Amino acid sequence: MNGTYQKESSNKFSNEFFDFHIHLFEIQYKCILNCGCAKTMDEVRAEKYLSYCFYLARLGSGSVSPNPKVGAVLVYQDRIIGEGYHQQFGGPHAEVLAIDSVRPEDKHLISQSTLIVSLEPCNHYGKTGPCTEFILKNHIPELVFSTLDPNPLMSGKSINLLKANGVNTSGPYLEQDGQELIREYSCGIKNLRP
(Lines give C-alpha, C1' and ligand atoms only; values in the text may rest on other atoms or scores of the structure.)
Protein backbone atom coordinates (compact mmCIF):
# COMPACT_ATOMS: atom_id res chain seq x y z
CA MET A 1 0.00 0.00 0.00
CA ASN A 2 3.04 2.33 0.27
CA GLY A 3 1.48 4.21 3.19
CA THR A 4 -1.35 5.62 1.09
CA TYR A 5 -5.01 4.76 1.08
CA GLN A 6 -6.49 3.60 -2.22
CA LYS A 7 -10.14 4.35 -2.97
CA GLU A 8 -12.33 1.85 -4.75
CA SER A 9 -12.21 2.76 -8.42
CA SER A 10 -15.74 1.42 -8.97
CA ASN A 11 -17.31 4.07 -6.71
CA LYS A 12 -19.29 6.44 -8.93
CA PHE A 13 -18.55 9.33 -6.59
CA SER A 14 -14.78 8.86 -6.24
CA ASN A 15 -12.97 12.14 -6.56
CA GLU A 16 -9.25 12.87 -6.43
CA PHE A 17 -10.03 16.10 -4.57
CA PHE A 18 -11.07 14.30 -1.45
CA ASP A 19 -10.03 11.16 0.36
CA PHE A 20 -12.86 10.82 2.85
CA HIS A 21 -11.38 8.31 5.27
CA ILE A 22 -7.97 9.94 5.64
CA HIS A 23 -9.34 13.51 5.72
CA LEU A 24 -11.64 12.62 8.63
CA PHE A 25 -8.66 12.13 10.91
CA GLU A 26 -6.71 15.07 9.47
CA ILE A 27 -9.47 17.49 10.50
CA GLN A 28 -9.61 16.10 14.02
CA TYR A 29 -5.80 16.12 14.34
CA LYS A 30 -5.53 19.75 13.16
CA CYS A 31 -8.26 20.80 15.56
CA ILE A 32 -6.48 19.24 18.52
CA LEU A 33 -3.14 20.80 17.50
CA ASN A 34 -4.50 24.27 16.71
CA CYS A 35 -6.95 24.88 19.51
CA GLY A 36 -6.51 22.03 21.97
CA CYS A 37 -10.14 21.05 21.62
CA ALA A 38 -11.41 17.65 20.62
CA LYS A 39 -14.42 17.58 18.34
CA THR A 40 -16.92 14.77 18.39
CA MET A 41 -16.79 12.33 15.51
CA ASP A 42 -20.18 13.69 14.36
CA GLU A 43 -18.69 17.19 14.09
CA VAL A 44 -15.63 15.89 12.26
CA ARG A 45 -17.78 13.91 9.82
CA ALA A 46 -20.06 16.91 9.22
CA GLU A 47 -17.08 19.14 8.48
CA LYS A 48 -15.51 16.52 6.21
CA TYR A 49 -18.61 16.25 4.04
CA LEU A 50 -19.31 19.98 4.15
CA SER A 51 -15.81 20.64 2.84
CA TYR A 52 -16.71 18.49 -0.14
CA CYS A 53 -20.03 20.34 -0.49
CA PHE A 54 -18.10 23.62 -0.68
CA TYR A 55 -15.96 22.14 -3.45
CA LEU A 56 -19.07 21.05 -5.35
CA ALA A 57 -20.73 24.44 -4.85
CA ARG A 58 -17.77 26.27 -6.37
CA LEU A 59 -18.33 24.30 -9.58
CA GLY A 60 -21.40 26.49 -10.08
CA SER A 61 -19.40 29.74 -9.95
CA GLY A 62 -20.40 32.11 -12.74
CA SER A 63 -23.56 30.18 -13.63
CA VAL A 64 -25.99 30.55 -10.73
CA SER A 65 -26.05 34.27 -9.88
CA PRO A 66 -28.12 35.88 -8.44
CA ASN A 67 -28.77 32.59 -6.65
CA PRO A 68 -26.21 31.24 -4.15
CA LYS A 69 -23.62 28.59 -4.90
CA VAL A 70 -24.72 25.42 -3.11
CA GLY A 71 -23.35 21.88 -2.89
CA ALA A 72 -24.99 18.81 -1.36
CA VAL A 73 -24.21 15.17 -0.68
CA LEU A 74 -26.43 12.32 0.45
CA VAL A 75 -24.56 10.00 2.82
CA TYR A 76 -25.50 6.50 3.93
CA GLN A 77 -23.27 4.90 6.59
CA ASP A 78 -20.27 7.08 5.73
CA ARG A 79 -20.66 6.47 1.98
CA ILE A 80 -21.76 9.14 -0.48
CA ILE A 81 -24.64 7.75 -2.50
CA GLY A 82 -25.59 11.04 -4.18
CA GLU A 83 -24.09 14.43 -4.85
CA GLY A 84 -25.05 17.61 -6.63
CA TYR A 85 -24.52 21.33 -6.91
CA HIS A 86 -26.60 24.21 -8.19
CA GLN A 87 -25.39 24.37 -11.78
CA GLN A 88 -27.43 27.08 -13.45
CA PHE A 89 -29.73 29.94 -12.48
CA GLY A 90 -33.30 28.68 -12.67
CA GLY A 91 -32.19 25.05 -12.71
CA PRO A 92 -32.58 22.34 -10.09
CA HIS A 93 -31.04 23.01 -6.72
CA ALA A 94 -28.16 21.02 -5.20
CA GLU A 95 -30.40 19.04 -2.84
CA VAL A 96 -32.64 17.83 -5.68
CA LEU A 97 -29.66 16.91 -7.86
CA ALA A 98 -28.00 15.03 -4.99
CA ILE A 99 -31.10 12.96 -4.32
CA ASP A 100 -31.83 12.41 -8.01
CA SER A 101 -28.23 11.25 -8.64
CA VAL A 102 -28.62 8.19 -6.41
CA ARG A 103 -28.10 5.00 -8.44
CA PRO A 104 -31.16 2.75 -8.84
CA GLU A 105 -29.63 0.03 -6.67
CA ASP A 106 -29.20 2.56 -3.82
CA LYS A 107 -32.63 4.28 -4.05
CA HIS A 108 -33.92 2.25 -1.09
CA LEU A 109 -31.20 3.88 1.08
CA ILE A 110 -32.44 7.45 0.56
CA SER A 111 -34.87 7.30 3.49
CA GLN A 112 -32.04 6.11 5.76
CA SER A 113 -29.46 8.70 4.68
CA THR A 114 -28.23 12.09 5.83
CA LEU A 115 -28.44 15.07 3.48
CA ILE A 116 -25.49 17.40 3.97
CA VAL A 117 -25.76 20.81 2.35
CA SER A 118 -23.66 23.97 2.32
CA LEU A 119 -26.70 26.26 2.77
CA GLU A 120 -30.06 25.97 4.49
CA PRO A 121 -32.51 24.47 1.95
CA CYS A 122 -35.03 26.80 0.34
CA ASN A 123 -38.64 26.82 1.48
CA HIS A 124 -40.41 28.91 -1.14
CA TYR A 125 -41.61 28.73 -4.72
CA GLY A 126 -39.51 30.56 -7.29
CA LYS A 127 -38.19 29.12 -10.52
CA THR A 128 -38.23 25.74 -8.74
CA GLY A 129 -40.25 24.23 -5.93
CA PRO A 130 -39.12 24.27 -2.30
CA CYS A 131 -36.25 21.92 -1.49
CA THR A 132 -37.85 21.34 1.91
CA GLU A 133 -40.83 19.69 0.18
CA PHE A 134 -38.50 17.48 -1.84
CA ILE A 135 -36.60 16.48 1.30
CA LEU A 136 -39.82 15.58 3.11
CA LYS A 137 -41.25 13.77 0.06
CA ASN A 138 -38.12 11.58 -0.01
CA HIS A 139 -38.34 10.90 3.76
CA ILE A 140 -34.81 12.14 4.46
CA PRO A 141 -34.42 11.60 8.23
CA GLU A 142 -31.43 13.88 8.86
CA LEU A 143 -30.03 17.16 7.54
CA VAL A 144 -26.65 18.76 8.27
CA PHE A 145 -26.01 22.32 7.09
CA SER A 146 -23.24 24.90 7.13
CA THR A 147 -25.06 28.21 7.34
CA LEU A 148 -28.54 29.72 7.39
CA ASP A 149 -29.86 31.42 4.28
CA PRO A 150 -29.83 35.22 4.76
CA ASN A 151 -32.96 35.54 2.60
CA PRO A 152 -35.81 36.58 4.94
CA LEU A 153 -38.03 33.96 3.28
CA MET A 154 -35.79 31.29 4.81
CA SER A 155 -33.44 32.54 7.53
CA GLY A 156 -34.00 29.53 9.79
CA LYS A 157 -37.62 28.93 8.75
CA SER A 158 -36.66 25.98 6.57
CA ILE A 159 -34.76 24.36 9.42
CA ASN A 160 -37.72 24.88 11.75
CA LEU A 161 -40.12 23.39 9.19
CA LEU A 162 -37.94 20.31 8.74
CA LYS A 163 -37.59 19.88 12.51
CA ALA A 164 -41.37 20.21 12.96
CA ASN A 165 -41.77 17.40 10.42
CA GLY A 166 -39.41 15.05 12.25
CA VAL A 167 -36.17 15.68 10.37
CA ASN A 168 -33.17 15.65 12.72
CA THR A 169 -31.19 18.78 11.82
CA SER A 170 -27.74 19.87 12.92
CA GLY A 171 -25.65 22.89 12.16
CA PRO A 172 -24.32 25.34 11.53
CA TYR A 173 -20.90 23.78 10.93
CA LEU A 174 -17.99 25.60 9.26
CA GLU A 175 -20.28 28.62 9.24
CA GLN A 176 -17.63 31.17 8.23
CA ASP A 177 -16.66 29.05 5.23
CA GLY A 178 -20.33 28.65 4.30
CA GLN A 179 -20.94 32.38 4.54
CA GLU A 180 -17.85 33.15 2.46
CA LEU A 181 -19.15 30.82 -0.23
CA ILE A 182 -22.38 32.84 -0.53
CA ARG A 183 -20.83 36.29 0.02
CA GLU A 184 -22.10 37.75 -3.28
CA TYR A 185 -25.58 36.33 -2.73
CA SER A 186 -25.69 37.71 0.83
CA CYS A 187 -24.58 41.12 -0.39
CA GLY A 188 -27.39 41.12 -2.95
CA ILE A 189 -29.98 40.15 -0.33
CA LYS A 190 -28.80 42.76 2.20
CA ASN A 191 -28.57 45.54 -0.37
CA LEU A 192 -31.77 44.51 -2.20
CA ARG A 193 -30.07 44.04 -5.54
CA PRO A 194 -29.71 41.08 -7.89
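Tell me the net charge near L56. Cut-off is 10 Å between Cβ atoms, L56 excluded, with +1 for each Lys or Arg and -1 for each Asp or Glu.
Once positives and negatives cancel, what remains is +1.
May I ask for the net charge around F134, where only other residues with Cβ less than 13 Å from the Cβ of F134 are counted and Lys, Arg are +1 while Asp, Glu are -1?
With Lys, Arg at +1 and Asp, Glu at -1, the net is -2.
Size of the dipole of segment 103-143 about the Cα centre, Lys and Arg at +1 and Asp and Glu at -1 on the beta carbon, nothing else charged, in debye to 20?
Computed charge dipole of segment 103-143: roughly 160 debye.
What is the sum of charges around I99, taking Lys and Arg as +1, Asp and Glu as -1, for the other residues whose C-beta is under 14 Å from the C-beta of I99?
Details: positive: R103, K107, K137; negative: E83, E95, D100, D106, E133, E142.
Net local charge, I99 excluded: -3.
Tell me the per residue accessible area of segment 78-168 using a 1.4 Å probe; a whole number in Å² is fine.
I get 44 Å² per residue for this part.
Report, to the nearest whole %, how much of the accessible area of segment 94-194 belongs to carbon and sulfur atoms, 1.4 Å probe, protein only.
52
The values are calculated or read from the model by the stated rules, or taken from the named source; none is laboratory data. Note that this is a predicted model, so its numbers are computed, not measured. With ideal geometry, Cβ positions are generated from the backbone for all residues, glycine too; neighbour counts draw on all protein chains shown. Heads up: the accessible areas ignore ligands, DNA and RNA and are worked out on the full protein's heavy atoms, side chains in. Shrake-Rupley method; radii C 1.70, N 1.55, O 1.52, S 1.80 Å.
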